[in-house]
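Have a look at the structure below, then the notes.
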Amino acid sequence: MPPTENRSRDGHVLVWEQAGIADGDVPKFSRFGTRHYVVFMLFLGMANAYVMRTNMSVAIVAMVNQTAIAHEAEVFDDECPDTDYGDQDDSGHQDGEFLWSTSLQGYILSSFFYGYVITQIPFGLLAKRYGAMRFLGWGMLINSVFAFLVPVAARQGGAPWLIVVRFIQGLGEGPIVPCTHAMLAKWIPPNERSRVGSIVYSGAQFGTVISMPLSGLLSDHGFDGGWPSIFYVFGIIGTVWSVAFLFTCHEDPITHPTIREDERKYIQQSVWGKAGVNIPPIPWKSILCSMPFYAILLAHLGQNYGYETLMTELPTYMKQVLRFSIKANGTLSALPYLAMWLFSIVVGWVADWMLSSGRFTHTITRKISNSIGQYGPAIALIVASYTGCNRALTVAILTIGIGLNGGIYAGFKINHLDITPRYAGILMAITNCSANLAGLLAPIAAGNIIEGKPTIAQWRIVFVIAAGVYIFTATFFNIFASGTRQPWDNPDNDEPQKPASIEAASGTYENGHAHGNGTTPTTTTTTATYRNVANEQRQL
């Protein structure tokens, strides 16, 4: 019985149901191909991005003369007994060269964030119009090169120039998430997206796990006074990655000159209407009326609010109430990130197994994964608010809660690619920008609730609110989310392109696809190639 098309399963033509793909033509995931190299580079890029984002928080401790600046008296709760471990001061970090107040340090640390947020949507729009790969590579190159200027700016220009340099670094990192999403939409077949997306985005946790201890080591034993070596070392690493990415990666399988022909055809046909061949104007009205889009948006908002509470407020709770500083212990501070990194990869593989088994649709798989990723931390926050003065149990809850949070990568985080492969980058830019702004509310809300009275009861309110946000947004996602490609991103509904416009765009595409007879012609740049590729997508 010949294979037939089946678009009913979440809007995708499944690989094993597509006409024209023989069993021998489908590369297995275990066989290293060009798409796997792209995934590996995107993983390293995400790790580099989070290294650049977090290294200042470690370096600034060594940069500031802690003993020479006035400290506000920190309020502690007396419900739990004091300890003689985990809250020691690092005397080696008290002789920094800068006299910056706590508030000024806050401006320095936040300057990167403001640059990062304001470029999300612009780069999402530009990536859709001009392609994602070069914006991603050049953006990270700017980020890395300006890392070399951090020590110079701090020493020669003081805090104002340092803020400017960090702001520019944030601008350079703006493309990382929307452009990564856009490239995943072009390179990764639907039945591989869960594990691939989890691997790529888990680079954030991997980068944090590497950055925190290595930055601390460099600040103590590095060259040029210690802390500058943090930015020199990671600046070199980021620059090498950016150059390698720009020279070895390509926008999509069509333009890649050395990809195997069977892998190119496999990706092209399984993606069904691949981004980059014909992308009409963004259907803003349809997107703004789409409940699956709002399901992703709310899930992303809830994720950032809850994650900020887990990562920034629980350690503060442990210090103020439990009299135990998890930040003072390098191993304990890295455990939650390590747990999330490992668990996210496991969930990604399980999610793709669920899809390949045929027992679960994309919609059900995304909802199950996201439920683990958001209900799990919500329960952890509630439990943590009732652990009393048990420090070990609170550390365990922190680690488990953040570890389970890794389920979001196979949940809402990759769901953009399910509902709209061609506009996944811009949708990710919108939701990620909004979510980062929502993440600011977590420390603001906590600060107002516990100000002057950091009791267990007041902290319980902080945790329950964050858990409630997690539960509400996850439930909204479970009700309205979809794994089906939306009608407003169906290539079959596109208006026909005029031949002239196709010919004008054909110069950027190389003729490297297989013809119907299975032969591979010599690589040349022709208008016919562009037409043939577009026709193949229509026939899918």
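Filter the chymotrypsin sites (Phe, Trp or Tyr not before Pro) in the stretch 186-273 to those in DSSP coil with at most 15 other Cβ atoms within 10 Å of their Cβ, and list the result.
Values: sites: TRP187, TYR201, PHE206, PHE223, PHE231, TYR232, PHE234, TRP241, PHE245, PHE247, TYR266, TRP272; in loops: PHE223, TRP272.
Those satisfying the criteria are PHE223.
For the stretch 232-247, what does the Karplus curve 6.51 cos²θ - 1.76 cosθ + 1.60, with θ = phi - 60°, yield as ³J(HN,Hα) per residue in whole Hz, taken in order and with x for Gly and Pro?
So the J values, rounded to whole Hz, are 5, 5, 6, x, 5, 4, x, 5, 4, 4, 4, 5, 4, 5, 5, 8.
Quick one: order ILE210, ILE199 from most to least accessible surface, probe 1.4 Å.
Values: ILE210 70, ILE199 40 Å².
Output order, biggest surface exposure first: ILE210, ILE199.
Quick check on my link table: of LYS128/LYS413; LYS186/LYS265; LYS319/LYS453; LYS128/LYS367; LYS186/LYS285; LYS265/LYS367, which ones sit more than 22 Å apart, alpha carbon to alpha carbon? Walk me through the numbers before you get to the answer.
Details: LYS128/LYS413 19 Å; LYS186/LYS265 13 Å; LYS319/LYS453 14 Å; LYS128/LYS367 27 Å; LYS186/LYS285 24 Å; LYS265/LYS367 30 Å.
Cα-Cα > 22 Å for LYS128/LYS367; LYS186/LYS285; LYS265/LYS367; rest within.
Using 15 Å as the cut-off for backbone N distance, which residues of the stretch 32-56 belong to the label zone defined by a point 7 Å from the Cα of ARG260 along Cα→Cβ?
Inside the label zone: 32-38.
Could you report the stretch 186-299's accessible area per residue, 1.4 Å probe, as an integer in Å²?
Working: 3660 Å² over 114 residues.
Result: 32 Å² of accessible area for each residue.
Kindly sort HIS36, HIS181 by accessible area of their heavy atoms, largest first, with the probe set to 1.4 Å.
HIS36, HIS181
Compute the relative contact order of the stretch 193-263 as a whole-number percentage, counting only Cα pairs closer than 8 Å that sit 6 or more residues apart in sequence.
Relative contact order comes out at 12 percent.
Test of understanding: extend the Cα→C-beta vector of PHE32 to 7 Å, then name every residue of the stretch 219-242 with backbone N under 20 Å from that spot.
Only 241-242 fall inside the zone, counting backbone N under 20 Å.
Where Lys and Arg each count +1 and Asp and Glu each count -1, what net charge lies around VAL196 among other residues with Cβ under 11 Å from its Cβ?
With Lys, Arg at +1 and Asp, Glu at -1, the neighbours total +1.
Rounding to the nearest 20 debye, state how big the charge dipole of the stretch 194-304 is about its Cα centre with +1 on each Lys and Arg Cβ and -1 on each Asp and Glu Cβ.
Working: 6 positive and 7 negative charges, 92 e Å.
Around 440 debye, computed over the stretch 194-304.
Report ³J(HN,Hα) in whole Hz for each residue of the stretch 403-415, in order, from the Karplus equation J = 6.51 cos²θ - 1.76 cosθ + 1.60 where θ = phi - 60°; Gly and Pro get x.
So the Karplus estimates, Gly and Pro as x, are x, 4, 4, x, x, 5, 5, 8, x, 5, 5, 9, 5 Hz.
The values are calculated or read from the model by the stated rules, or taken from the named source; none is laboratory data. The structure presented is a predicted model; accordingly, all values stated were derived computationally and were not measured. No Cβ is skipped: glycine too gets one built from the backbone with ideal geometry, and neighbour counts run over all protein chains shown. Calculation scope for accessible area: heavy atoms of the full protein, side chains included, ligands and nucleic acids excluded. Shrake-Rupley method; radii C 1.70, N 1.55, O 1.52, S 1.80 Å.
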